[in-house]
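The values are calculated or read from the model by the stated rules, or taken from the named source; none is laboratory data. No experiment lies behind these values; they were computed from the predicted model shown. Glycine gets a Cβ as well: all are built from the backbone with ideal geometry, and neighbour counts include every protein chain shown. Just so you know, the surface numbers come from the protein's heavy atoms only, side chains and all, with ligands and any DNA or RNA stripped out. Shrake-Rupley method; radii C 1.70, N 1.55, O 1.52, S 1.80 Å.
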Amino acid sequence: MVDIYPNKVRLIVIDCFCGGGGLTQGFHNAMYEGEKCVKVIIGINHDRLAILSHAANHPETVHFIEDFRTVNVMALLSIVNE
């Protein structure tokens, strides 16, 4: 994962209904004191095409093709803790 965010990251996000990536892009554009402040680290969707679209628009995000209600929480935690 490429770290394009300086020390000002104030919010780490898991996008549980990622599709084309509009919500992720909104978070990506968020600024605090002139610097990026949000990092979307995981995208989850049960639809493979939605994940393919999101991955094309946000390749720095780790993607899961799963229902967010049944995703392996320990796998998510291991990514969050990186």
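Can you give me the Kirkwood hydrodynamic radius for the chain, using every pair of distinct Cα atoms, in Å to one decimal? Mind showing how you got there, number by number?
Values: mean 1/r = 0.0774 Å⁻¹.
Here the Kirkwood hydrodynamic radius works out to 12.9 Å.
Indicate the gyration tensor shape class of the range 42-82 (rounded, prolate or oblate), computed on the Cα atoms with a ≥ b ≥ c the square roots of the eigenvalues: a/c under 1.5 is rounded; otherwise a/b larger than b/c is prolate and the rest oblate. Let's see the in-between values first.
Working: a/c = 3.96, a/b = 1.29, b/c = 3.07.
Because a/c hits 1.5 or more and a/b fails to exceed b/c, the range 42-82 counts as oblate.
Work out the length of the dipole vector of the chain about its Cα centre, built from +1 on the beta-carbon of each Lys and Arg and -1 on the beta-carbon of each Asp and Glu, and round it to the nearest 20 debye.
Details: 6 positive and 9 negative charges, 21 e Å.
Dipole about the Cα centre, nearest 20: 100 debye.
The chain: longest stretch without exposed trypsin sites (Lys or Arg not before Pro) (DSSP loop, at most 16 other Cβ within 10 Å), sites themselves excluded? Before the final figure, lay out the partial values.
Numbers: sites that count: K8, R10, R69.
Longest gap between qualifying sites, sites excluded: 11-68.
Using a 1.4 Å probe on the protein heavy atoms only, what accessible surface does F27 show? Give it in Å² to the nearest 10.
60 Å²
Just to confirm the number: angle between the C-alpha axis of helix 48-57 and the first principal axis of the chain, 0 to 90 degrees, nearest 10?
20 degrees
Quick one: go through the range 17-55 and flag any residue whose amide nitrogen is under 11 Å from the point 7 Å out along the Cα-to-Cβ line of D67.
Under 11 Å, as judged by backbone N against the label point of D67, lie 46 of the range 17-55.
Could you check the simple spin-label distance between E33 and M74, using points 7 Å along Cα→Cβ, in nm with one decimal?
Here the answer is 3.8 nm between the modelled labels.
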